[in-house]
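All remarks here apply to the structure that follows.
The values are calculated or read from the model by the stated rules, or taken from the named source; none is laboratory data. All figures in this text were calculated on a predicted structure; none of them were measured in a lab. All Cβ positions, glycine included, derive from the backbone under ideal geometry; neighbour counts span all protein chains shown. Side chains included, ligands, DNA and RNA excluded: accessible areas come from the protein's heavy atoms. Shrake-Rupley method; radii C 1.70, N 1.55, O 1.52, S 1.80 Å.
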Amino acid sequence: MIYADNAATTKMSETAINAMISAMKDTYGNPSSLYVTGQKAKEAIEEAREKIASLIGARASEIIFTGGGSEADNQAIVSTARLGAKSGKKHIISTAFEHHAVLHTLEKLRKEGFEITLLDVHENGLITAEEVEKAIRPDTCLVTIMYANNEIGTIQPISEIGAVCRSHKVPFHTDAVQAVGHVPIDVEKQNIDMLSSSAHKYHGPKGVGFLYVKKGVRITSLIEGGAQENGKRAGTENVPGIVSMAAALEEAVRDLEKNRDHLIPIRDRIIEGLDAIPHSALNGDREKRLPGNINFCFEGIEGESLLLLLDDKGIEASSGSACTSGSLDPSHVLLAIGRVHDVAHGSLRLSIGEDITEKDADYIVDSVKEVVGYLRSFSPVWRDLVSGKTEFILK
Ligand SMILES: *Cc1c(COP(=O)(O)O)cnc(C)c1O
């Protein structure tokens with residue numbers, strides 16, 4: 001079986017599992033308790049905080065532990081919006097191809113009277129700092145732009161966008177859930193005010209993440225209760241999750257170069273192989289993409305059927321399209337980069353992991369070629385294309 005859906009979640013590393021088990025056994029106290037067992041747990045999370053901060057160029061006091069990436073996104077956006085509204089600023093800038101944790105939060109704010117500008121994404125899946133700058137208004141209270149896209153893997157010019165926001169004194173948040181542990185990050189050098197991260201995207205446990213908030217940038221709590229996390233996130237800390245997340249990130253950052261050197265040639269081998277399929281197209285920029293991301297559209301087929309047949313061949317992938325019970329909506333990301341509905345439906349996302357081999361890559365390419373050919377052989381849409389009744393969109 002080849003697991004090629006690492007953008008959805010990753011397998012926990014041995015290091016992360018062991019760290020979690022030790023924390024469950026040894027530091028079971030409540031970090032808010034004053035006796036030794038409680039203080040041991042407190043020390044464990046503070047050590048994790050120091051470690052995580054140092055791995056992204058931050059200070060420990062700038063890290064808030066959360067229950068994952070979605071919560072970190074919600075907290076950064078909702079809390080900054082509320083603070084902005086207090087001074088009459090109710091305009092937010094983002095992009096059309098964010099994760100739903102961002103888009104749905106912005107939709108909620110829109111209903112509450114905020115004005116949301118969703119920047120158009122170019123065909124290559126990128127936006128520019130100039131476009132962000134043009135959209136900034138005197139009443140802009142937040143710019144939130146994802147670091148790396150979870151479907152097509154494109155990496156935005158974050159430092160430049162951060163610089164533009166800083167020069168206009170607008171807080172800048174980035175959903176870096178796909179980037180942390182996969183590309184080098186330095187929040188200070190990259191002009192980032194707030195950054196969301198989630199442990200299960202870099203071989204840590206699910207249900208735990210963190211929000212980086214630069215010193216001086218105001219943030220409030222989404223969850224009311226105790227005074228944990230400096231009053232920024234109530235609730236007894238997920239000690240094993242936090243300790244394990246720090247171990248996972250330490251390992252991911254330590255091995256980052258090695259993993260990139262392994263993944264990029266294999267990624268490119270798969271891209272070249274799939275590119276040979278007629279009437280197909282790579283989604284997202286060829287170069288500015290995550291080391292493990294491959295996303296293609298194949299004309300004349302349904303992504304869902306492709307996935308089922310690949311699963312039969314032992315390849316676990318994703319179509320990158322939201323498949324909600326009964327209705328099949330094409331991916332908002334693919335629509336945002338200008339793919340038409342029919343083409344967006346025939347998409348495949350392969351997010352490969354560090355354990356992939358060249359042999360796996362060749363097996364993936366051969367299998368996709370075979371399955372695409374098979375599906376096209378009885379597709380009425382494909383028949384119309386081939387007969388010239390309808391025109392090909394992908395050359
Ligand atoms: C997975 C993901 C999230 C959500 O993180 P969870 O920890 O699953 O809540 C948010 N943004 C992006 C880009 C993601 O890939």
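Go through region 277-293 and give me each residue that's touching a residue at least 60 places away in the same chain (Cβ under 8 Å) and of a type in the set (A, V, I, L, M, F, W, C).
I277, A281, L290
Look through L103, L83 and report the one residue that is touching a residue at least 60 places away in the same chain (Cβ under 8 Å), within 22 Å of S331 (Cα to Cα) and assigned to a helix (DSSP H, G or I).
After ruling out the rest, the residue left standing is L103.
(1) closer than 18 Å to Y212 by Cβ; (2) away from the ligand (no atom under 16 Å from the Cβ): which one isn't true of E71, the others all being true?
Unmet condition: (2).
Residues in region 119-143 that are open to solvent by 10 Å² or more (accessible area, probe 1.4 Å) and within 16 Å of the ligand (Cβ to nearest atom): how many?
Counting residues in region 119-143 that are open to solvent by 10 Å² or more (accessible area, probe 1.4 Å) and within 16 Å of the ligand (Cβ to nearest atom) gives 2.
Mind listing just one residue for me: the one in region 1-59 that is within 16 Å of the ligand (Cβ to nearest atom) and among the small types (G, A, S) and, of those, surrounded by the fewest Cβ atoms within 10 Å (Cβ to Cβ)?
Restricting to residues being within 16 Å of the ligand (Cβ to nearest atom) and among the small types (G, A, S), the top hit is A8.
Residues are listed down the side, and each one gets a yes or a no for (1) within 16 Å of the ligand (Cβ to nearest atom); (2) at pLDDT 95 or above; (3) part of a loop (DSSP other than H, G, I, E, B); (4) open to solvent by 50 Å² or more (accessible area, probe 1.4 Å):
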{"residue": "V187", "(1), (2), (3), (4)": "no, yes, yes, no"}
{"residue": "Q190", "(1), (2), (3), (4)": "no, yes, yes, no"}
{"residue": "L195", "(1), (2), (3), (4)": "yes, yes, no, no"}
{"residue": "H200", "(1), (2), (3), (4)": "yes, yes, no, no"}
{"residue": "H203", "(1), (2), (3), (4)": "yes, yes, yes, no"}
{"residue": "G207", "(1), (2), (3), (4)": "yes, yes, yes, no"}
{"residue": "F210", "(1), (2), (3), (4)": "yes, yes, no, no"}
{"residue": "K215", "(1), (2), (3), (4)": "no, yes, yes, yes"}
{"residue": "I219", "(1), (2), (3), (4)": "no, yes, yes, no"}
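Identify, please: which residue in region 199-250 is touching a Gly at 6+ places or on another chain (Cβ under 6 Å) and hydroxyl-bearing (S, T, Y) and is, among those, nearest to K11 (Cα to Cα)?
Only one residue fits best here, namely Y202.
Would you check if D175 is closer than 17 Å to I155 by Cα, at pLDDT 95 or above and within 15 Å of the ligand (Cβ to nearest atom)?
yes
Of the conditions (1) open to solvent by 40 Å² or more (accessible area, probe 1.4 Å); (2) not in a helix (DSSP H, G or I), F65 satisfies every one except a single condition; which number is it?
Failing condition for F65: (1).
Please go through region 344-381 and give me each residue that is part of a helix (DSSP H, G or I), touching a residue at least 60 places away in the same chain (Cβ under 8 Å) and under 24 Å from the mean Cα position of the chain (by Cα), ordered by number.
Once the filter is applied, which keeps residues that are part of a helix (DSSP H, G or I), touching a residue at least 60 places away in the same chain (Cβ under 8 Å) and under 24 Å from the mean Cα position of the chain (by Cα), region 344-381 yields A361, I364.
Does N238 satisfy the criteria of being touching a Phe, Trp or Tyr at 6+ places or on another chain (Cβ under 8 Å) and either of a type in the set (D, E, K, R) or open to solvent by less than 30 Å² (accessible area, probe 1.4 Å) (or both)?
Considered against the rule, which asks whether it is touching a Phe, Trp or Tyr at 6+ places or on another chain (Cβ under 8 Å) and either of a type in the set (D, E, K, R) or open to solvent by less than 30 Å² (accessible area, probe 1.4 Å) (or both), N238 comes out as no.
Taking region 246-278, which residues are open to solvent by less than 40 Å² (accessible area, probe 1.4 Å) and outside any helix (DSSP H, G or I)?
Of everything in region 246-278, those that are open to solvent by less than 40 Å² (accessible area, probe 1.4 Å) and outside any helix (DSSP H, G or I) turn out to be D255, I277.
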